[in-house]
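Only the coordinates and a few stated rules stand behind these numbers; no lab work does. Quantities reported herein were computed from a predicted structural model and do not represent experimental measurements. Positions of Cβ are generated from backbone atoms using ideal geometry, with glycine treated the same way; all protein chains shown enter the neighbour counts.
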Amino acid sequence: MESTHKTDTFRRKTPGLEPSGATQLPVSANCLACSKDGRYLSLGHSRGLSVWCASSLTCAAEWQQDGMEITSIQMTRTAEPAYLLGTVDDMGVARVFAYHCGAIHPLSVLNIMENINKRSICLTFELSEGGNYGAASMSCNGAVWLEIYQFPSEAWLKETEMEPSQQQDQSSSRDMDVKWSPVAALIKIKPPKIPAGEKSSSHQWDGQGSNRHVGKTKEKFGRPRYGKVFSISACILKI
């Protein structure tokens, strides 16, 4: 009886959080990710991305660019005050951003369009916990492969600390004349060739990333089909 009474008392004293008011999120938000520590939300929308404080639901920072629609977003903490964000837009371009010192910094474009006829399309993009590595499945002219990257997280942290947010172009949210440390491409993995007429019993390519909105990219450019592919998450964990 005493144990039941204590349980009932604890339940009655459990604090509740009431919404303080309506919060207007971007109208065309396509995707959302939450940091593992629960402090921040990252949103991808039709003009870029934004980072929100999860407790107050207030916008902490945003990065905008006309004509860019983010369809997939990832978020991981690299250091106590810094977070790494990985995005894919509706054109299949993968980018890496950092949220640090109250601003969003564009750090790298993984598949820059040099030749539109031979450019690679990013289908899925994932970050490892801690932000030291990343993996992206790419497609070009019917071929598909997996690329593993190593990010200079410590160098990026120092560079963002040296680059005050006041020098950021507020109209376009792009850091002006900043040269960030480059990303290192570690390995490129191609799926094995399946002999004609042979069917694979497992590891079927389903095109499913960690974010459902990446489907917009695949609908626009089509999706190559192979009997066997590699798991992005597994490859990251093995590094």
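Assorted remarks:
- Hits in region 81-113 - residues which are in a strand (DSSP E or B), buried (at least 17 other Cβ atoms within 10 Å of the Cβ) and of a type in the set (A, V, I, L, M, F, W, C): A82, L84, L85, V88, A94, V96, F97, A98, A103, I104, L107
- Taken over region 52-80, the criterion of being more than 20 Å from S28 (Cα to Cα) and assigned to a loop (DSSP other than H, G, I, E, B) is satisfied by S55, S56, E80.
- Filter result for E114 (among the acidic types (D, E) and closer than 22 Å to A60 by Cβ): no
- Scanning region 114-135 for residues that are part of a strand (DSSP E or B) and at positive phi gives no hits.
- Counted residues, region 66-80 - those being surrounded by fewer than 19 Cβ atoms within 10 Å (Cβ to Cβ) and out of contact with any helix residue (DSSP H, G or I) (no Cβ under 9 Å at 6 or more places or on another chain): 4
- Selection from region 50-61 of residues that are crowded, with 18+ Cβ neighbours inside 10 Å and either of a type outside the set (A, V, I, L, M, F, W, C) or closer than 13 Å to D90 by Cα (or both): S50
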